[in-house]
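Visitor: My questions will all concern the structure given below.
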Amino acid sequence: MAGELEALIDEMKKARKIFVITGAGVSAESGVPTFRGKDGLWRNYDAMQLATPEAFERDPVLVWEWYLWRRSLIAEAEPNPAHKILASWEERYPDFLIATQNVDRLHQRAGNRHVEEIHGNIWETRCTRTGQVYSPEEKEVRGDHLPPESPAGGLLRPNVVWFGEILPTGPLERINSFLSSSNPNVCFVIGTSALFYYIQSWAVTVKMRGGLLVEVNPDTTPLSEISDFHLEKPAAPALALIDSLVSGSTPDS
């Protein structure tokens, strides 16, 4: 495996610009359940059916109970080695950006500062009447007062992107600006099924402009066949291997 990665390691040793796309597989190694698979059920509800505007309109209390449960799990989770390696890469490379589908802020807790949350932030709330976003400090949500209301009298919802909703424009604009200013040397796609068109578009754009495309995923995805490197490993051991080869050290595992 190490020999097969020689071209990637050579490129990373001289790289200045790295773009990373992360999905649920990265946080799963910290114990955060994913939507799909065996972790996708809660009280016999399909999680993918709860994360919709229609579900919230139909039963906001149920949806909030699910999100408070998710918050409790995330609060107990800690950044894993994959998060920490990505944080160290941000210090190493002058131009570095993470676009994450995760809403848990584990990247930021690990030390990353340049993170675009394309699916929102589970700790924030948003007023359904005004669109005002509140931090946890500004508007606490408790299980004994559901559904919560904003000062404007509208229902508060988690500030996340649900199925059927459009992505927030701010993160998209900043990601597109990062990609258009100069092409990244390497694009990593880590722990995501890559089913959404925007994930595929960003990855293909970097590759078509001459950057290396690296996929880290135990499973195959729509990007697997076109990736320059596909590491069929979970995020933590895969990134530990790459990091050790770039730095010339021995991985912990």
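Derivation of every value follows stated rules applied to the coordinates shown; laboratory data play no part. Keep in mind that this is a model prediction, so the values were computed, not measured. Cβ: placed from backbone, ideal geometry, glycine included. Neighbour counts: every protein chain shown.
Visitor: Whole-Hz ³J(HN,Hα) for each residue in the range 168-177, computed from phi via Karplus 6.51 cos²θ - 1.76 cosθ + 1.60 with θ = phi - 60°, x for glycine and proline: what do you get?
Guide: x, 5, x, x, 4, 5, 6, 5, 5, 5
Visitor: About its Cα centre, what dipole magnitude does the chain give when the only charges are +1 on Lys and Arg Cβ and -1 on Asp and Glu Cβ, stated in debye to the nearest 20?
Guide: Numbers: 24 positive and 34 negative charges, 79 e Å.
Dipole magnitude for the chain comes out near 380 debye.
Visitor: Taking every DSSP beta bridge that has both residues in the range 141-253, what percent is antiparallel when rounded to the nearest 5? Could the numbers behind the result be given before it?
Guide: Values: 1 of 9 bridges.
Percent antiparallel among DSSP bridges in the range 141-253 is about 10.
Visitor: Helix 235-247: angle to the longest alpha-carbon principal axis of the chain, degrees 0 to 90, nearest 10?
Guide: With rounding to tens, the tilt is 40 degrees.
Visitor: Can I ask one more? Going by C-beta contacts inside 10 Å, put Leu50, Leu155, Leu172 in order with the fewest on the left. Working shown, then result.
Guide: Numbers: Leu50 22, Leu155 18, Leu172 15.
Exposure proxy ranking, most exposed first: Leu172, Leu155, Leu50.
Visitor: Over the Cα atoms of the chain, what is the Rg over Rh ratio if Rh follows Kirkwood? Please report the intermediate quantities before stating the final value.
Guide: Values: Rg = 18.9 Å, Rh = 19.1 Å.
Taking Rh as the inverse mean 1/r over Cα pairs, Rg/Rh reads 0.99.
Visitor: Share of antiparallel DSSP beta bridges in the chain, in percent to the nearest 5? Before the final figure, lay out each step's value.
Guide: Working: 10 of 32 bridges.
Taking every DSSP beta bridge with both residues in the chain, the antiparallel ones total about 30 percent.
Visitor: Here's a follow-up. Restricting the calculation to Cα positions, tell me the Rg (one decimal) and the Dmax (whole number) of the range 112-243 in Å.
Guide: Considering the range 112-243 through its Cα atoms, Rg and Dmax are 18.5, 54 Å.
Visitor: A further question follows. Using the alpha-carbon atoms, what tilt in degrees (0 to 90, nearest 10) does helix 60-76 show relative to the longest principal axis of the chain?
Guide: Helix 60-76 and the main axis of the chain meet at about 40 degrees.
Visitor: Can you give the relative contact order of the chain as a percent, counting alpha carbon pairs under 8 Å and 6+ residues apart? Before the final figure, lay out each step's value.
Guide: On the way: 410 pairs, mean separation 59.9, N = 253.
Relative contact order here is 24 percent.
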